[in-house]
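The values are calculated or read from the model by the stated rules, or taken from the named source; none is laboratory data. The shown structure was predicted, so the numbers you read here are calculated from the model rather than taken from an experiment. Please note that ligands, DNA and RNA were not included when accessible areas were found on the heavy atoms of the full protein model with its side chains. Shrake-Rupley method; radii C 1.70, N 1.55, O 1.52, S 1.80 Å.
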Amino acid sequence: MNELPQQLVNGLLLGSMYGLVAIGYTMVYGIVQLINFAHGEIFMTGGFGALTVWLILPGGTTMWVALPLMIIGAVLVATTVAIGAERFAYRPLRGGPRLAPLITAIGLSLALQQAVWAWYPEAKSARTFPQLSGGPFHIGNVTIQTGDVFLLIAAPVCMAVLAYFVNRTRTGRGMQATAQDPDTAKLMGVNTDRIIVIAFALGAVFAAVGAVAYGLKYGIVDYKMGFLLGLKAFTAAVLGGIGNIYGAMIGGLVLGIAETMATAYINHIPGMQQLGGQSWADVWAFVLLILVLLFRPQGLLGERVADRA
């Protein structure tokens, strides 16, 4: 059990990354009742946007200098893709059958994967992502890698900024009004089209930060990386209560800890020795999703509500 603190920290770090991506799912769903299954690929494009900035910087540029520019590049690429998706893929289908935007989201997800695969140099295999120098850092029995330091700082800062934006700004209150009743919000003078675009853009910003964190944590970016991580982030959003931005982060943390603990300890249970280890991590994440859907489909912080007419 001496490794328990390390596993808890690993779970919190993994969950923070899930939570950053899950915020995009839950913000869009809360406002337009759409599960944007292309959000994982928006996360992926952010990672390649950051890598592109690194590749065009002059040789000898230190990572500590390059990192802010890489974050900006990731945000610009991810938000451009997200806003374009909203404007040209989802907005024309607004008000139509619910199945239409869902199928469009899946198609857009595949299209973005293939676009990066076809057009980005050497994207057919995982690309090495630059790493921060220094570290690792040791706190008692816990070891934190240098790349994880970025995630430790970015996740709480992003949540604090989002909480301030949603609760303290005029646009944030407009988002809350649109989520509760878009027709009434429009009658009260809220530009709901603008609010929806902002929701897509904000989700892309957090996904881009998560993509940089992913690259720093694992040392690679890959054109397929958004698919599985996007599904896990969706699981986190459902776990926390989809439509609840605080629930998305809490769901991510719970999922990250549960996945880490299951892979580390479940093979110590008699009769379950073959069900542990990293190869089973994805399985236990989706087992948790199934259990949530069975026993608390509204999520940890969600409430049972009637379908919007």
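Here are some notes:
- Note on V32: accessible area approximately 40 square angstrom, rounded to 10, probe 1.4 Å, nucleic acids and ligands left out.
- Surface composition of segment 1-60: carbon and sulfur make up 64 percent of the accessible area, probe 1.4 Å.
- Per residue, the chain exposes 48 Å² of accessible surface when a 1.4 Å probe is rolled over the protein heavy atoms with every protein chain present.
- Residues whose amide H comes within less than 5 Å of that of I220, counting only those at least five positions distant or on another chain, are F129 (H built at 1.01 Å from N in the peptide plane).
- Three-way shape label, the chain, alpha-carbon gyration tensor, a/c 1.5: oblate
- Shape descriptor for segment 110-269: Rg over Rh equals 1.03 (Cα atoms; Rh from the Kirkwood inverse mean 1/r).
- Long-range lysine pairs (8 or more apart or interchain), the chain, Cα under 30 Å: 5
- Counting protein heavy atoms only, segment 65-202 has 66 percent of its accessible area on carbon and sulfur, 1.4 angstrom probe.
- Comparing mean-square fluctuations of D282, D183, D222 from a GNM of the chain with C-alpha springs under 10 Å, the top value falls on D183.
- Sequence of S279, S125 when ordered by accessible area, the most exposed leading, probe 1.4 angstrom: S279, S125
- GNM top mover of A22, A118, A177 - the chain, alpha-carbon springs below 10 Å: A118
- Accessible surface comparison of R296, R173, probe 1.4 Å, protein chains only, largest first: the order is R173, R296.
- Exposure check, 1.4 Å probe, all protein chains in place: H268 carries approximately 120 Å² of accessible surface.
- Helix runs (DSSP H) in the chain reaching 18 Å along axis by Cα, Kyte-Doolittle at least 1.6: 63-85, 225-240, 281-295
- Between segment 209-245 and segment 78-149, the alpha-carbon center distance in angstrom: 8
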